[in-house]
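Report on the following structure.
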Amino acid sequence: MEATQNKKIVLSAIQPTGTPTLGNYLGALKNWKTMSADYECFYAVADLHSITVRPEPALLRRRTLEMYALLLAIGLDPKENTVFVQSHVPAHAQLAWILNCYAQFGEAARMTQFKDKSEKHPENVNVGLFAYPMLMAADILLYQADYVPVGHDQKQHLEITRDIAERFNGIYGQTFKVPEPFIGKAGANIKSLQDPTQKMSKSDPNAKAFISMLDDADAIVRKIKSAVTDSESYVRYAEGKDGVNNLMGIYACCTGRSYEQIEQEFAGKGYGDFKAAVAEAVVEELRPVKTEFDRLIDDKAYLTACMQEGAEKASYFAGKTLRKAMKKVGFYQF
Ligand code: TRP
């Protein structure tokens, strides 16, 4: 088992914290699928990360299976890529411990996500929350990843990953590839349908603010119809038209059309026609994903077999890096 020599390596991961939104799909997951054609890709369900908020065990189990099925449903081929569950590959936790010892308390304490989360949940500021970036660094460095597709909120974690890798390499010699962030195409920064100055989020208390990747056609149409726009009634991309800009961004991502083309298409038409077209494009975009998800989620035997194979492939590559790092640190080997 060898990585194809000339292909660059990509790693990314997503936490099993519920069905991702259309924003997660257009901003990240769709890109995972696109990249899988050109790179050697490792994609993980980051279940270890998600216990920092202590989910209900049955819920974590169900969501892990669902997230895994969803990754296959977006078209990732488990034979072509390595699609796996993080906790199935013990090397992640093992390398994370080592990396903890090469990260400074002060630099970890500066992570804005740690500061935000500890402020929001003062009742559970656990050490795992603090050590989260070093686990993420382990995810990345184990696979010698060249590129890591990340959203804006994870860029700081990628920076600390690079710092830790450079520090370790500086002490022990070349051990880890220092990864580059891979920022996807612009325009995929999808906003809330109800408050287009905010990011679209699945934890939004207003269910009309986001479209879930597995929403049915009726729900999608309803939510887009009630999306906030403005009083101008003119489809154009401009400052101060956050709602319309957002819908244009969604439409552009789903159809591949440019903003100019969209403006032309809806010249002389109102927001009603525009919203109907956006809704239809989203329905068509998500339909194959939902159909495939519904089929896969009932085939637990297949999903389990894919998980097992993914874990084996991932363990093979991760094991090589882990052994190398352990040897350099000086752990006794026999
Ligand atoms: N922390 C990331 C998030 O919440 C998920 C993640 C875990 C990740 N490990 C990773 C992303 C490694 C990229 C690379 O979005």
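Mean-square fluctuation check for the chain, GNM, Cα pairs under 10 Å: which of Ala279, Ala138, Ala217 is largest?
Ala217
Using Cα atoms only, what is the angle between the long axis of helix 271-297 and the major principal axis of the chain, expressed in degrees (0 to 90) to the nearest 10?
The angle comes out at about 40 degrees.
Assuming a ≥ b ≥ c are the square roots of the Cα gyration tensor eigenvalues, decide whether the stretch 124-166 counts as rounded (a/c under 1.5), prolate (otherwise, with a/b larger than b/c) or oblate.
prolate
Report the one residue of Ala91, Asn124, Gln113 whose Cα lies farthest in the direction of the positive end of the charge dipole of the chain (charges on C-beta: Lys and Arg +1, Asp and Glu -1; origin at the Cα centre).
Of the candidates, Ala91 comes out farthest on the positive side.
Using a 1.4 angstrom probe and counting only protein chains, how large is the accessible area of Lys30 in Å², to 10?
60 Å²
Mind checking the full-extension length gain between Lys327 and Glu159? Use 0.36 nm per residue of separation minus the Cα-Cα distance, one decimal, nm. Display every interim value, and only then the final one.
On the way: separation 168, 0.36 × 168 = 60.48 nm, distance 2.53 nm.
This chain segment gains 58.0 nm when fully extended.
What is the distance, in nm, between label points placed 7 Å from the Cα along the Cα-to-Cβ direction at Ala109 and at Ala276?
Between Ala109 and Ala276, the simple spin-label model gives 6.0 nm.
What shape does the stretch 44-196 take by its C-alpha gyration tensor, where a ≥ b ≥ c are the square roots of the eigenvalues and a/c under 1.5 counts as rounded, a/b above b/c as prolate, and the rest as oblate? Each step should come with its number before you reach the end.
Values: a/c = 1.32, a/b = 1.16, b/c = 1.14.
Note, shape of the stretch 44-196 comes out rounded.
What percent does the relative contact order of the stretch 186-264 come to when contacts are Cα pairs within less than 8 Å and at least six residues apart? Can you show the working numbers first?
Numbers: 91 pairs, mean separation 23.0, N = 79.
The normalised contact order for the stretch 186-264 reaches 29 percent.
Most fluctuating residue of Val282, Val53, Val235 in a GNM of the chain with Cα springs under 10 Å: which is it?
Comparing Val282, Val53, Val235 in a Gaussian network model of the chain, the most mobile one is Val53.
How would the stretch 207-294 be classified by its alpha-carbon gyration tensor: rounded, prolate or oblate, with rounded meaning a/c under 1.5 and the a/b versus b/c comparison settling the rest?
The shape class here is prolate.
Out of residues 5 or more away from Glu180 or on other chains, whose amide H comes under 5 Å of its own, with H placed 1.01 Å from N in the peptide plane?
Close amide H contacts, sequence-distant or interchain: Tyr147, Val148.
Express as a percent, rounded to the nearest 5, the fraction of DSSP beta bridges in the chain (both residues included) that run antiparallel.
Numbers: 2 of 16 bridges.
Within the chain, antiparallel bridges account for around 10 percent of the total.
Multiply the residue separation of Lys269 and Phe334 by 0.36 nm, subtract the distance between their alpha-carbon atoms, and state the gained length in nm to one decimal.
On the way: separation 65, 0.36 × 65 = 23.40 nm, distance 7.42 nm.
That works out to 16.0 nm of additional length.
With +1 on the Cβ of every Lys and Arg and -1 on the Cβ of every Asp and Glu, and nothing else charged, how large is the dipole of the chain about its Cα centre, in debye rounded to the nearest 20?
On the way: 40 positive and 41 negative charges, 166 e Å.
Using Cβ point charges on Lys, Arg, Asp and Glu, the chain gives about 800 debye.
Averaged per residue, what accessible area in Å² does the chain show with a 1.4 Å probe, protein chains only? Intermediate values should be presented prior to the final figure.
Working: 16520 Å² over 334 residues.
I get 49 Å² per residue for the chain.
Mind checking which of Ala314, Ala238, Ala219 has the largest fluctuation in a GNM of the chain, springs on alpha carbons under 10 Å?
Result for the chain, Cα springs under 10 Å: Ala238 fluctuates most.
Of all the accessible heavy-atom surface of the stretch 207-294, with the other protein chains kept in place and a 1.4 Å probe, what percent is carbon and sulfur? Each step should come with its number before you reach the end.
Working: 2020 of 4270 Å².
Looking at the stretch 207-294 in its full context, I get 47 percent from C and S.
At a 1.4 Å probe radius, which order do His152, His121, His49 fall into by accessible area, largest first?
Details: His152 155, His121 90, His49 10 Å².
Ranking His152, His121, His49 by accessible area, largest first, yields His152, His121, His49.
What whole-number volume per residue, in cubic angstrom, does the convex hull of the C-alpha atoms of the chain give?
On the way: hull volume 51.2 nm³, N = 334.
Per residue, the Cα convex hull of the chain comes to 153 Å³.
So if we plug the beta-carbon distance of Glu312 and Lys7 into 1/(1 + (r/R0)^6) with R0 = 22 Å, what FRET efficiency do we get, rounded to 0.05?
Details: r = 20 Å, r/R0 = 0.90.
That gives a FRET efficiency of 0.65.
Top to bottom by accessible area (1.4 Å), largest first, where do Thr291, Thr255 land? Provide the component values of the computation, followed by the final result.
Numbers: Thr291 90, Thr255 50 Å².
From most accessible down to least: Thr291, Thr255.
Heavy atoms only, 1.4 Å probe, whole protein assembly: order Leu95, Leu135 by accessible area, highest first. Display every interim value, and only then the final one.
Details: Leu95 0, Leu135 25 Å².
Accessible-area ranking of Leu95, Leu135, largest first: Leu135, Leu95.
The values are calculated or read from the model by the stated rules, or taken from the named source; none is laboratory data. Bear in mind that the values here come from a model prediction, so they are computed numbers and not experimental data. So basically every Cβ, Gly included, is an ideal-geometry build from the backbone, and we count neighbours across all protein chains shown. Side chains are part of the model used for accessible areas, which takes the heavy atoms of the whole protein and leaves out ligands, DNA and RNA. Shrake-Rupley method; radii C 1.70, N 1.55, O 1.52, S 1.80 Å.
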